[in-house]
Structure formats: C-alpha cells, structure tokens
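The values are calculated or read from the model by the stated rules, or taken from the named source; none is laboratory data. All values derive from a computational prediction rather than experimental measurement. Cβ atoms come from the backbone with ideal geometry, glycine included; neighbour counts cover every protein chain shown.
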Number of protein chains: 4
Amino acid sequence: MDGARIALIPLCKNEYIDEEDGDFTIPTSQFSSSLPPMQRPDEKKRRDIMKIAEAAFAARPFHEVRLEEIAARARIGKGTIYIYFRSKENLLVEILREGLGDLQASIERRLLQCPDESVAKLRAIVTELATFAISRPYMYSLVRSVLPRSCETGLSGIHKGIVKKIVEVIEKGVERGDFADTHPALTAHYLLGAVRGVAISGPGKLSAEEFAEHLMVVFGRGLCAREGASR
Amino acid sequence: MDGARIALIPLCKNEYIDEEDGDFTIPTSQFSSSLPPMQRPDEKKRRDIMKIAEAAFAARPFHEVRLEEIAARARIGKGTIYIYFRSKENLLVEILREGLGDLQASIERRLLQCPDESVAKLRAIVTELATFAISRPYMYSLVRSVLPRSCETGLSGIHKGIVKKIVEVIEKGVERGDFADTHPALTAHYLLGAVRGVAISGPGKLSAEEFAEHLMVVFGRGLCAREGASR
Amino acid sequence: MDGARIALIPLCKNEYIDEEDGDFTIPTSQFSSSLPPMQRPDEKKRRDIMKIAEAAFAARPFHEVRLEEIAARARIGKGTIYIYFRSKENLLVEILREGLGDLQASIERRLLQCPDESVAKLRAIVTELATFAISRPYMYSLVRSVLPRSCETGLSGIHKGIVKKIVEVIEKGVERGDFADTHPALTAHYLLGAVRGVAISGPGKLSAEEFAEHLMVVFGRGLCAREGASR
Amino acid sequence: MDGARIALIPLCKNEYIDEEDGDFTIPTSQFSSSLPPMQRPDEKKRRDIMKIAEAAFAARPFHEVRLEEIAARARIGKGTIYIYFRSKENLLVEILREGLGDLQASIERRLLQCPDESVAKLRAIVTELATFAISRPYMYSLVRSVLPRSCETGLSGIHKGIVKKIVEVIEKGVERGDFADTHPALTAHYLLGAVRGVAISGPGKLSAEEFAEHLMVVFGRGLCAREGASR
DNA sequence: TATGAATGAGCGTTCATTCAT
DNA sequence: AATGAATGAACGCTCATTCAT
C-alpha cells in the first residue's frame, strides 16, 4: 500500500486534476464556452433565474442545490430553466462568467480612467476587487469551490485575464522603478486570494472603502521599491 | 444473563411496543479504548481510506465522487467505509480536519522552536503555510466544497485557530513596534487567502522555499513599520 | 419579480448562509385544488399503483417487496411512485387506509339501510365483514405487517372506528334485551379476529354468503340473551 | 389497464400467494422444517437468544429488527447467532415453532387430564388459548404478520395441528348432540382468530381467567345445540 | 466456541432532464 | 414559450452473512 502512492499531484493548476491511471476521466462537459447565444426569448427572465440561482449556489454546495427550488423561487416551471440554460452546470457557469466578466470589465474601465501611475493603477484594481468582494461575496465562493472543468467552460480564461491585468500593472511598476517584485504573477494571485479569503471568511462589517484602503497599505508597502526589510 | 430480563412487555396493546431505554445505541466499539486482542477496527485502514478519498475529492467535485470507486481503489468493500466514517460528508470532513489539524500543529510546533522575534515568527508561519500549500495543494480546494455546516463539523474552529495564531503574531509585532497594521485579522485572511490562491491556481513549478521567500518579501514589507508609502 | 428580492445576503461570513424562511417547502401542487388545465397528478394512476402494490404486498412480506417491481408492473418509472407516495411505507399505509376505510364505509352504509333491530344490525356488520374477507383477503394479512406506527398513520383510528361500531350495536342489543354480553369490546375483537383468521388461513372455497351465515349462527347464538348454557 | 385485473386471489390460504405469471417465485427458503437439531453447544445460550429475539420481533416488524441489536442485547457477538441459527428467518421460525409447540403441547396435556365431556373439553382448549394469549401476546403478532413460507418451515403444520384438535373436539360434541355446528373448521378458525385479535389489539388489563370465561360464554353458546335463534 | 470486522448485493430514494400538453 | 408530470440512471447506505482470528 506504500507503493501505491497517490499520484494526484496537480498536473495543471487551475483545474481539477486527473489521476495517474486515467480511470478518472473527466467527462467532457457539454458546454461550448463560446456562446452562439441561444435564442433568449425573455432576457429579463434569464436574469431573474440567474439572480435566484446565484443566491442558491452561494447558500449551499452545488450538489445540494435543487433546480426545482430555483424554479419555485423564480416562480417558473422547472422546464423553463432548460429553455435558458443547457444544464445545471451551465447555469452556474453562466452566473460565474457573468460575475467575473463584470469584475474584469469594471477593472478595465477603471484602469482606463486612471492616471498612468503605478500606485494609482494598483489602487484602481484593488478598489474594484474590494468593491466586488463586499458587494457580491458569494461569487468568490463559487469560483473554484464547486467548479470543475473550468477550462472547458471558458471561466479560467476570464480568471487568467484578470490575473494578467494585475501582472501587467505590477510589471509596469517594476519597470518604472516604483515596485520591486521578483514574481509578479505570484503577487497577483496573492491579491486575488486575499480578496477571496476576506470575501468568504473575513470579518463582517467591513466597508469596501476600508477594505480597499487596508489592502493598499499591505500590498502597497509589500510592493514598494523604496526599501525592503523582509528580515 | 438472568438479570437481563427482557423489558419488551407490551405496554400498550394495539401498537408495536417500544423498548425501555429508547434509543438503545448498540455499543459499536468504534475504536473503544481496549478490547480483547480480537479483531479491531484498523487505524491503518482508516488512513488508507482517507488517503485514497483525499485524492478522489481533489480530483472532482464532491457530488461526482463515488464512494464505490473509493472503496474499489482502497481494495475494500463499500460497507467498510461506513465502519470508519459516518457518511460521505463525514469522510471529507475527517480528511479536512486532519489536514488542517496537521497544518495547525506544525505551525504551533514551529512557533515554539523559533526565537521570540516578530519577523522570525512571521517567517515561521509563512514557511509552514507555503510548505503545506505546495505539498498538499488540493487540501485547499476541498475546504469549501462541502463546507456549509463547517461550524458543526468543527472545521471552522481549526480554521479560526490558525487565523488567531497569525493575528497574535502580528499583534505582538505591532506592540513591539516591529509591525504596523491597523487590522491584523484582515491581514491574516490575506495571508491564508494568498496561499490558497497560489495552491489552487498559482503558477506551477514553485518550490516551497521560493514560495515562502516571496511571501516574506511581500507580507514582510507589507507589515513593516519602518516606513509606509502606500501612496 | 422585483419585489422578490433575494434574501440570501450572507448573514454570516465563514459559513454557508441559510435562507430567510427556513424550510422553504416547494409548493408541490400535490393535487392542489385547481390548476391551469396543464398536466396534473393523475388520480387514476395513483389507484393503479395502489392496486398493483396491494397485490405485491399481499404476495410477500414487506421487506421482500421491491418498489422497482411494482413500478415495472404498473408500467411506470420508479420515481413516479414518489410523486404519489412519500415512501414505501406510506404506500402500504395508504393501501390499508383505503381498504379499511372502504370496509368502515360499507359497514356504516349498510347499517343505515337496515331496520333498527339488533340481530339485523349484527347481520349487516357480519355480512360486510365476510364479504370483505372473501373479496380482499390479503388486506387482512397486511394490517400488521408494517403496523408499528399505526397510531401515527391513522390506521388504528379506522380500526378502532370499526370496533366501536360493532360495540355500539352489541350494547344497543344488550340494552334492548336482545343480546347478553358482559364485555362487548371483547366480542367485537372476537368477530374481527375470527374474520381475519378465516381470511388468512381459513378453508378455501367459501362463499361470502356461507361465511356470513355461519358467522351469524355462531355469533348470533353466542350473543343471544334467551338462554345461556356455557357450562 | 382494465384488462390487467390482478390475479392475486389467494390460491392457497395459509400461505403468501403467488402471482398469475409466476414472476414472483417465492424463493425456497433454506430451512428444513424437521430438525436434526444441530449441535447446540450451549442450550441455555440458545434460549437466551430466542428470548431476546422474541421480544425484538414483537417490538417491530421483521425488516426493522437488526440481528446486531439482538446480539448486543444478548451480550454476545453477532456471529454467535449463526452458531445457533441458520439465518434471521430461521431464528424467527424457531421462536414461533417453540411458541406454537408449547401451546399445542399444553392443549394436549390439558385435554388428557380433562373429563371426556364436550363442554369441558372446549373449556380446556379455551383456557389454554386464553392463557397463552395473555402471557405471550406477541407470539400471536408474529405468526402470520411477518412470516411467509410457513409451509416449508413446518409452522403451518403446528398451526394445523391445533386447528385439528379443536375441530375434533367440536365434531365429537356434534356427534354427541352437545354441539351444533355445520362447519367446525370455520369455528376453529374463529376461535384462534378471536384469541389472536384480543392478544394483539384487545383491551388491556384482562386476566386470562376473565378472558377464558368470556370466550366460553360466547363460543359455548355459539356452539350450543339446545336452540338456535340466529335470526 | 465466540467474535466482530469485513463484505457487497440490493435497497429506497433523489433529481437533472425530457416531452406531451 | 412555458409547464410540471414522468422518467430512470445512479447514488448513498444498510445489514444479513461470512470468516480470519
């Protein structure tokens, strides 16, 4: 049994991992990530469903969420969900795609409006992350906790896009001598992870502003090039 | 055996009769302290199951993990799992409890061995977190997968214990003038979240040492009292 | 739909959040009074299932009856049973409730139509009991097969109702001097037990009429006030 | 669906009934009814188990009785039961066989001691039945409620033996002009059923003597030859 | 002989999904 | 488009039975 060392070393971060012997083949899920956006007879109803479902998926783990319950809460028939979404998993994916898409969009919008200065850009990102974390805290709890197969669904693309944006800002700051960081990608993950950690299990009663401010203190200093007492 | 008089005298005609002592829990020895050297639930087998199951739970989301498959991989009968664990959820909880418990224990051990100095203590914690993240990355991905009910399962207690340890170190550092932090609890969550983020979706090919070192740079600076250009 | 504001705002970080209204029972229409002329649970199908299941429960003991088999015989899906019945036990209870209810109803109907005379009333009851025993003999064999919990299921209520009816008739007869019986409740149980005994293990090839007639002879005499050589 | 009339008319009273299409073949149970009495290493322990199990089988329906519970109550290992009994069903059969055997034996003993007179003989039987019903009321609840396949187990033989004894007494009484009964076998079933009915659901607080006395009044009169106003 | 850990067939039940209306 | 009754594959779990000790 000792020889049977488990081989579940994550081959590919960012994704649920497959096993050594291939027995655990992840069934190719049935969602094309790009969206020939299905006819949406009633866009408002679609949003309703997503809103209700977001709450439900946040309230309990995926396998405990019943579509019947979502339908009942949305005051529609169970079958109706299938007019707007291909499956339960697809429903969640769409919710996350939208949520992360919103976040990505608002980060990009904010960056465009902001002066081309390293700390200001960092602040722009941090502010958006904090606002998102406070206003839609459960979005975070969904991202990876329940979601396998994020590659196929295009979600990891959005996630990577956000990471990339942060990395760019840090790298630009390093170039300019404003920041000192030997591994900006790591730092980007710190930032996202930190925000997520607070969103999920952080202290209650925290305003987005306080949160952003504190993040700026810690990460601003942490990235600051001017000195470096790490010891 | 004569004293064991049966108490099932029908108290009430017309109905099946209940037993004197109500719930009569069968004294399932469940690892009872000491038994005749007969067969006993096998602690090693319990660990085997947990090891296999940890891999399975890491490989796919909770609702796609089949106990039958775990049993097959562990080369035991399906029912055997239920000798050692109350339910599928309990199995996962035990895995997490053990994992988080290990982490907590190693942090505490390391803190005891380490000089009573703020940065050294921070380093001790960071080193353990990084080591854990690299060596058991999927532990992190599990934490929220069935973690509603985390209160009842005692898991959140362990998590809080770890947070508390970090907070203590930061607060002590602040008292001594080594650290500057207006909200240590937030920072503790940043640290845990950051580690988690890297464990789950961070860049591959990262050694625990590199990881710890980089964390120390960012968070060490971020906490550093000596100056503070967050702007 | 705007008023249906989602209440799933995480009240408590660090834990999956519960819903405002707790148990939120889905308004499964379960034969709700009036619905748009859409599909509705089909009362006829319910009866079909009960008919098939009655046969199955009569053919073997409870724990050997397979719902899958009942479903197959009824040519429906296994899940469909659960649309109409809460559980296997509930299915049996409903069968019994209906059966005993029928018996009770037919006894009461017959009593209303019959002249207000002691022997005639006894005959009315006996006739219905005999008819029931001959036409649905397995109903009797079911009565106690899952009848712990008979209180909770309301079955014992029906049974008691029947007993009470018989007792009333006897007591009236005693009042009038037609019957002599010091313990009518006992006699009522004799009658039911006797019928049950014959239904279950009595001689075959017995018509309801013969049976009723013979019962009348034995119990008619047994109750008769006119003389009393019990010795 | 109308044509699909259920064919579960009990072909053979006294046994669970098979279905028209033979799908429901009752698995030949694995107990020889006659007893090469297996080595009984410890006869006392065997009795203990039976005593405990009798209570358990009386307390809940067959399928809810756990051998583990019986073992625990008897303070023996689960496997030990299988030293004394071939299976769970066999355990129940043995309990019933013994119980009914006791009843049969005591009836026969009493009949031998009693004057050769019709009413006295009836009284002998009734007294034993009443005593049995009062002192071991749950024996009755077991006899048919849980037990399929009684033919193969030899139980129905004992039951038939008792019926036969009663029938003999009645027939002798008829021959002698003491009793009038056109169908003694039916009456025998009445008697057994009546006793069973009282044992299971009759009024509480009834002494064996009262019970026997009342039975004699009703059945004594019911069988009495001297007159016959059943109308 | 006695044990109780181990087994695994087999169950009741659920719920995402389909489809007739 | 909308519905919800119907489905049935697939699950978690139980427990009578076996067997190594």
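Exactly one of these conditions fails for residue D:119: (1) crowded, with 16+ Cβ neighbours inside 10 Å; (2) farther than 27 Å from residue D:179 by Cα. Give me its number.
Result: residue D:119 fails condition (2) only.
Listed residues D:194, D:185; which is surrounded by fewer than 21 Cβ atoms within 10 Å (Cβ to Cβ), at the interface with chain C (Cβ under 7 Å from one of its Cβ atoms), under 16 Å from the mean Cα position of the chain (by Cα) and modelled with pLDDT of 90 or more? Steps first, answer last, please.
On the way: D:194 fails: surrounded by fewer than 21 Cβ atoms within 10 Å (Cβ to Cβ).
It is D:185.
Considering only the range B:77-120, state which residues are within 16 Å of DNA strand E (Cβ to nearest atom) and of a type in the set (Asp, Glu).
Within the range B:77-120, B:89, B:94 qualify.
Within the range A:85-109, restricting attention to residues that are closer than 18 Å to residue A:48 by Cβ and in a loop (DSSP other than H, G, I, E, B), which residue is nearest to DNA strand F (Cβ to nearest atom)?
Only one residue tops the list, namely A:85.
Quick one: which residue in D:127, D:80 is assigned by TED's automatic domain parsing to the domain that holds residue D:66 and in a helix (DSSP H, G or I)? Show your work before the answer.
Numbers: D:127 fails: assigned by TED's automatic domain parsing to the domain that holds residue D:66.
It is D:80.
List, please: which pairs have Cβ atoms under 7 Å, are six or more places apart or on different chains, and start with a residue in the range A:63-79 that is more than 14 Å from chain B (Cβ to nearest Cβ) and over 25 Å from residue B:88 (Cα atoms) and end with one that is crowded, with 18+ Cβ neighbours inside 10 Å and of a type in the set (Asp, Glu)?
Close Cβ pairs satisfying both conditions: A:74/A:48.
Does at least one position in the range A:173-184 carry a residue that is more than 18 Å from residue A:111 (Cα to Cα), of a type in the set (Ser, Thr, Tyr), assigned to a helix (DSSP H, G or I) and in contact with a helix residue (DSSP H, G or I) (Cβ under 9 Å, 6 or more places away or on another chain)?
no
Suppose the filter is surrounded by 24 or more Cβ atoms within 10 Å (Cβ to Cβ) and either in contact with an Asp or Glu (Cβ under 6 Å, 6 or more places away or on another chain) or assigned by TED's automatic domain parsing to the domain that holds residue C:115 (or both); does residue C:162 pass it? Lay out the reasoning, then the answer.
On the way: surrounded by 24 or more Cβ atoms within 10 Å (Cβ to Cβ): no; either in contact with an Asp or Glu (Cβ under 6 Å, 6 or more places away or on another chain) or assigned by TED's automatic domain parsing to the domain that holds residue C:115 (or both): yes.
No, not satisfied.
Output the number of the condition that residue C:211 fails; it satisfies all remaining conditions of (1) part of a helix (DSSP H, G or I); (2) surrounded by fewer than 22 Cβ atoms within 10 Å (Cβ to Cβ).
(2)
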